[in-house]
Amino acid sequence: MIRVGFVFSFDDGWLGGINYFRNLLTALYALPERKIEAVIFTGLRSPEKHFDSFPAVKIVRSRLFDRGSLPWLIRKLWLRGFSHDLLLERLLKKHGVEVLSHSGWLGKGAAIPAIGWIPDFQHVHLPEFFGMSGIASRNKSFSDMCRYCSTIVVSSFDAQSDLNRFDPGCKSKSEVLQFVVAATKEKTTLPSGGELEQRYKFSGNYFLLPNQFWKHKNHRVVIEALGLLGREGKRVLVLATGSTADYRHPEYFKSLMERAKELDVLDNFYHLGLVPASDLAGLMRDASAIINPSLFEGWSTSVEEAKSLGKRVLLSDIPVHREQNPALGSYFPPDDAHALAAMLWAVWNEPASDEMQMIESARRATDERRLEFAQKYQKIVLNALEYHS
């Protein structure tokens, strides 16, 4: 087995990142004739819940990854002065790691190849959502990866095109790895619809919007659409899940709720908060449709989850959503509340249908795509090791 190292140094604010690695590693560990195994490196403070539902991978804890600690500070200063992550490289070698993946770079002359990961170029398309320091930091991080990594993984062909514009010389070392979300298996115990209604205090049909409340996720267009429907005496229910914290726009959630109150749709836009994974899967299972109104995505987890469940999904008409291409997808311009309102009302009034055939077909397709996902990742790792040797 070839050992591949992953560094987990992010916090609870980025649930999408945790889900990404969970999906990658579970797909990898289900691969027949698997040739690689993962080792996760994380801080002493990293919560155990980050690793819920992960496969049985080795986890190494070190203060090197605890922000503000003395080892963390020494590592950062050394890296800044010598462009070589010597302390991390030594730790990787100690645990037999041969490739570093999705975790930045080790630098000039490193003995271990690094596979960089660029989730998206949101700061290029939506610079107004980033401060000048945030833009500069991302640009430097991406430039360093292009310089020092042997391979760059991106999540879509749309992101690969952005990479080519960002650094034309970097495209030749890039690989598109479109991640796939596992379908919920029948044997998995999920709460019933009645249990979920009782737990979260709602009833009847609903749409589900399972995105964190970050400004680019564009919840506002959904609230505006609900307001337009309300003016016509039409009422639908949208359940929203996810964290309300946006460090770049800390007042964003409050402003959304104020707008919902102005439009008299607080009863139609109901925030459930952060919900356990099993509850979220149950809510997705029973929703009339999943909504993703984002202004920008790297590769949408909620769209992939809808695909894996064979669910209808109403999504903003942006390039990466077209690339994800859900079979039951309907698109609306992300700034057009009228178009979304019409779509919501049409779906709300559709007759109930037997979805079992669609669900079973989606599961089969998802299993095939997950196999291809894992095979491609393994090939990327093996190629990185071969090119470095």
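The values are calculated or read from the model by the stated rules, or taken from the named source; none is laboratory data. Bear in mind that the values here come from a model prediction, so they are computed numbers and not experimental data. Note: ideal-geometry Cβ built from the backbone for every residue, glycine included; neighbour counts use all protein chains shown.
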Kindly provide the set of residues from segment 67-106 that are of a type in the set (D, E, K, R) and either in a helix (DSSP H, G or I) or touching a strand residue (DSSP E or B) at 6+ places or on another chain (Cβ under 9 Å) (or both), ordered by number.
R75, K76, R80, D85, E89, R90, K93, K94, E98
In segment 43-60, the residues that are under 26 Å from L86 (Cα atoms), without any contact (Cβ under 8 Å) to a residue 24 or more places away in the chain and surrounded by 15 or more Cβ atoms within 10 Å (Cβ to Cβ)
I59
For D120, work out the one condition from (1) charged (D, E, K, R); (2) farther than 22 Å from W299 by Cα; (3) crowded, with 18+ Cβ neighbours inside 10 Å it doesn't fulfil.
(2)
Quick check: is even one residue across segment 260-271 assigned to a strand (DSSP E or B), in contact (Cβ under 8 Å) with a residue 60 or more places away in the chain and touching a Ser or Thr at 6+ places or on another chain (Cβ under 7 Å)?
no
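Quick one: count up the residues across segment 107-127 that are aliphatic (A, V, I, L, M) and part of a helix (DSSP H, G or I). Don't jump to the end; show me each part of the working.
Step one: filter segment 107-127 for residues aliphatic (A, V, I, L, M), giving 110-112, 114-115, 118, 124, 126.
Checking which are part of a helix (DSSP H, G or I) leaves us with 124.
Residues that pass the stated criteria total 1.
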If F202 satisfies every condition in (1) of a type in the set (F, W, Y); (2) part of a helix (DSSP H, G or I); (3) within 30 Å of L237 (Cβ to Cβ) but one, which is the exception?
(2)
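Return yes when K171 is out of contact with any Ser or Thr (no Cβ under 7 Å at 6 or more places or on another chain), charged (D, E, K, R), more than 26 Å from P127 (Cα to Cα) and free of Cβ contacts under 8 Å to residues at least 60 places away in the same chain and no when it is not. Write out each step before concluding.
Numbers: out of contact with any Ser or Thr (no Cβ under 7 Å at 6 or more places or on another chain): yes; charged (D, E, K, R): yes; more than 26 Å from P127 (Cα to Cα): no; free of Cβ contacts under 8 Å to residues at least 60 places away in the same chain: yes.
When the stated conditions are applied, K171 does not pass them.
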Residue check, S172 in the same structural domain as A374 (by TED's automatic domain parsing), within 28 Å of A111 (Cβ to Cβ), modelled with pLDDT under 95 and in a helix (DSSP H, G or I):
yes
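Residue-wise test of (1) modelled with pLDDT under 95; (2) buried (at least 22 other Cβ atoms within 10 Å of the Cβ).
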position	(1), (2)
S302	yes, yes
K311	yes, yes
H321	no, yes
S330	no, no
L340	no, yes
V347	no, no
R363	yes, no
R370	yes, yes
Conditions (1) within 16 Å of T301 (Cα to Cα); (2) modelled with pLDDT of 95 or more; number of the one not met by S243:
(2)
Complete set of residues in segment 80-99 that are surrounded by fewer than 13 Cβ atoms within 10 Å (Cβ to Cβ) and small (G, A, S):
G81
